[in-house]
Amino acid sequence: MKILTILGARPQFIKASSQSKAFKKYPEIQEIILHTGQHYDFKMSQVFFSDLDIPKPTFFLKSGGKTHAKMTGEMMEGIEKIILKIKPDRVLVYGDTNSTLAGALSAAKLHIPIIHIEAGLRSFNIQMPEEINRILTDRISSLLFCPTQNAYENLKKEGFLNFPCKIHISGDVMLDSIKQYSKYAKKPNIPLSNNFVLATIHRAENTNDIEKLKSIFDALEYIGREVQVILPLHPRVAKILKHQKINTSNISFIDPLGYLEMIWLLQNTQAVFTDSGGLQKEAYFFSKPCFVLREESEWVELTKNNCNILVGADKEKIISCFGNISDLFARSFPKNLFGDGCATELIAKTILE
């Protein structure tokens, strides 16, 4: 079976690192990787392939750094040409990025069955580009792998049991990656205090709204007086901060890191502040309190169990919640919310059935 895997962004590289290794166990599976170029910066892309020993992409599209429409359109044009050239039996997509949607739409138009890993997630915020991508991708996929029971229930409520597709609860492939790579965690070569918190900000809902962005950074700036705030800086956010002249003197900015260095920071941080979906889970895997800089989360399992706290972009709420961290979060995080760390093996076997 020839599978064309579409990748383009950091979370997809992490998921593919484990899934591709599982595929290698089965000689019946021939995986061909296409990198859309959505994350084109070396630290946000190539370093993951090096760190995680992901097979080198056979095809690379230079589609990053554009508007949503132009990026997705260029990806579709490139993916279509490659599908017609190599004639895969299946097209595999991960998550909810523009690369995900472009791969799914291109395959659907050419009647190639689509495998969607991380299906069924819903934040119920249709303004999010990721929400649009995941809803559309789910609807046209043939084989859907849900990371959690809740994701499966979302599809069930939307009538997917009546659609011509197969749905499986696989567990989360990112847990597989955490289990495989935690022992190889690498301390980054940056100045670090004994106590620090880790922060990341990249979503358009925060970065495109200057008032929200300023509120978040004002909160982190205040927290930075008490504890070191480490923030790997997204290139796009760096430009905005410079242009808007937002005060960040108490924040330790660093370049984007590879996966093994991020794991080390997660293992050793006091807490996490993020608007990332993937980092919410990674914080949970290491039992770290996570302040979600959004008004909603697709990972409802984490909010329900007090592993995550939704603080949005509210400066006072962010500061107040951090000050009451011991009272707000679960004293011990429940186990196995995302499976047993064997999702990739189940997925490989199911695809071959």
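Condition first: surrounded by fewer than 16 Cβ atoms within 10 Å (Cβ to Cβ), among the hydroxyl-bearing types (Ser, Thr, Tyr), at pLDDT 95 or above and in contact with a Ser or Thr (Cβ under 8 Å, 6 or more places away or on another chain). Can you find one or more residues in the stretch 293-304 that meet it? Checked the stretch 293-304: no residue is surrounded by fewer than 16 Cβ atoms within 10 Å (Cβ to Cβ), among the hydroxyl-bearing types (Ser, Thr, Tyr), at pLDDT 95 or above and in contact with a Ser or Thr (Cβ under 8 Å, 6 or more places away or on another chain).
With respect to (1) without any contact (Cβ under 8 Å) to a residue 40 or more places away in the chain; (2) surrounded by fewer than 19 Cβ atoms within 10 Å (Cβ to Cβ), the lone exception for CYS290 is condition (2).
Exactly one residue among ALA219, ALA238, ALA204 is closer than 29 Å to GLN46 by Cβ and either in contact (Cβ under 8 Å) with a residue 40 or more places away in the chain or of a type in the set (Lys, Arg) (or both), and that residue is ALA204.
Of the residues LYS212, LYS156, LYS179, LYS186, the single one that is without any contact (Cβ under 8 Å) to a residue 60 or more places away in the chain and basic (Lys, Arg) is LYS156.
When ASP89, ASP96 are checked against the criterion of being within 25 Å of GLU301 (Cα to Cα), modelled with pLDDT of 95 or more and acidic (Asp, Glu), ASP96 stands alone in meeting it. Is it the case that some residue within the stretch 228-248 is surrounded by fewer than 17 Cβ atoms within 10 Å (Cβ to Cβ), at pLDDT 95 or above and among the basic types (Lys, Arg)? Within the stretch 228-248, not a single residue is surrounded by fewer than 17 Cβ atoms within 10 Å (Cβ to Cβ), at pLDDT 95 or above and among the basic types (Lys, Arg).
Restricted to helices (runs of 4 or more DSSP H) entirely inside the stretch 283-351, those with at least 2 residues that are under 26 Å from LYS15 (Cα atoms) and of a type in the set (D, E, K, R) are 300-304. Tell me, which residue of the stretch 124-169 that is under 17 Å from the mean Cα position of the chain (by Cα) and crowded, with 24+ Cβ neighbours inside 10 Å is nearest to ALA283 (Cα to Cα)? Result: PRO147.
Here GLY64 meets the list (1) free of Cβ contacts under 8 Å to residues at least 60 places away in the same chain; (2) not in a loop (DSSP other than H, G, I, E, B) almost entirely, failing just condition (2).
Whenever a residue of the stretch 325-348 is basic (Lys, Arg), it has no partner that is in a helix (DSSP H, G or I) and surrounded by fewer than 20 Cβ atoms within 10 Å (Cβ to Cβ) lying with C-beta atoms less than 6 angstrom away and at least six residues away or across chains.
Scanning the stretch 252-284 for residues that are closer than 16 Å to ALA185 by Cα, aromatic (Phe, Trp, Tyr) and buried (at least 21 other Cβ atoms within 10 Å of the Cβ) yields one hit, TYR259.
The set of residues in the stretch 247-282 that are part of a loop (DSSP other than H, G, I, E, B), among the hydroxyl-bearing types (Ser, Thr, Tyr) and over 15 Å from ASN195 (Cβ atoms) comprises THR248, SER249, SER276. Residues in the stretch 309-340 that are more than 18 Å from ASN125 (Cα to Cα) and buried (at least 22 other Cβ atoms within 10 Å of the Cβ): ILE318, PHE322, LEU337, PHE338. The residues of the stretch 119-145 that are within 14 Å of VAL300 (Cα to Cα) and either of a type in the set (A, V, I, L, M) or out of contact with any Asp or Glu (no Cβ under 7 Å at 6 or more places or on another chain) (or both) amount to a single one, LEU121. Once the stretch 12-32 is narrowed to residues that are within 18 Å of SER177 (Cα to Cα) and among the hydrophobic types (A, V, I, L, M, F, W, C), the residue that is surrounded by the fewest Cβ atoms within 10 Å (Cβ to Cβ) is ALA22.
The values are calculated or read from the model by the stated rules, or taken from the named source; none is laboratory data. The structure displayed is predicted, hence computed values, not measured ones. Neighbour counts are summed over all protein chains in view; Cβ atoms, including those assigned to glycine, are modelled from backbone coordinates with ideal geometry.
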